[in-house]
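The structure under discussion appears below in the form of structure tokens.
The values are calculated or read from the model by the stated rules, or taken from the named source; none is laboratory data. Here the structure is a predicted model, which means the values were calculated and not measured. Cβ placement follows ideal geometry from the backbone for every residue including glycine, while neighbour counts extend to all protein chains displayed.
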Amino acid sequence: MTVPNSGYDIEKLKKNALIATIVGFLCGGAIPGVLGLLGYLKADQEPETAKKFTKWAWIAFAIMWALAIIFIIIYVVFIVAMVGTASTY
């Protein structure tokens with residue numbers, strides 16, 4: 001049984017989802033990696049769903065990085081503040 005792909009480039013969808021999976025697991029954590037993997041697995045049967053999973057994998061990846069950068073900035077500011085108050089005594 002062949003499922004029509006509704007004009008989607010399945011190979012491109014699979015490639016994008018695979019990249020999202022690898023980058024997600026290596027640099028973003030489990031959530032973007034799993035979403036990318038789901039996009040890869042759904043690409044043949046449900047290309048629209050695969051596209052959504054891949055998009056959300058990249059969004060989750062960006063959110064993870066933004067949160068990491070914010071926490072690093074807060075940590076540095078906190079350490080600088082602590083060193084500043086410790087040196088005044």
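A few points about this structure:
Let's see how each residue does on (1) outside any helix (DSSP H, G or I); (2) surrounded by fewer than 13 Cβ atoms within 10 Å (Cβ to Cβ); (3) modelled with pLDDT of 95 or more:
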{"site": "Pro4", "(1), (2), (3)": "yes, yes, no"}
{"site": "Trp58", "(1), (2), (3)": "no, no, yes"}
{"site": "Ala62", "(1), (2), (3)": "no, yes, yes"}
{"site": "Ile72", "(1), (2), (3)": "no, yes, yes"}
{"site": "Thr85", "(1), (2), (3)": "no, yes, no"}
{"site": "Thr88", "(1), (2), (3)": "yes, yes, no"}
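- Count of segment 3-23 residues which are more than 23 Å from Trp65 (Cα to Cα) and touching a residue at least 40 places away in the same chain (Cβ under 8 Å): 5
- Segment 41-52, residues that are of a type outside the set (Val, Ile, Thr), touching a Lys or Arg at 6+ places or on another chain (Cβ under 6 Å) and in a helix (DSSP H, G or I): Ala50
- Which listed residue, of Leu37, Leu26, Leu67, is part of a helix (DSSP H, G or I) and either touching a residue at least 40 places away in the same chain (Cβ under 8 Å) or buried (at least 16 other Cβ atoms within 10 Å of the Cβ) (or both): Leu37
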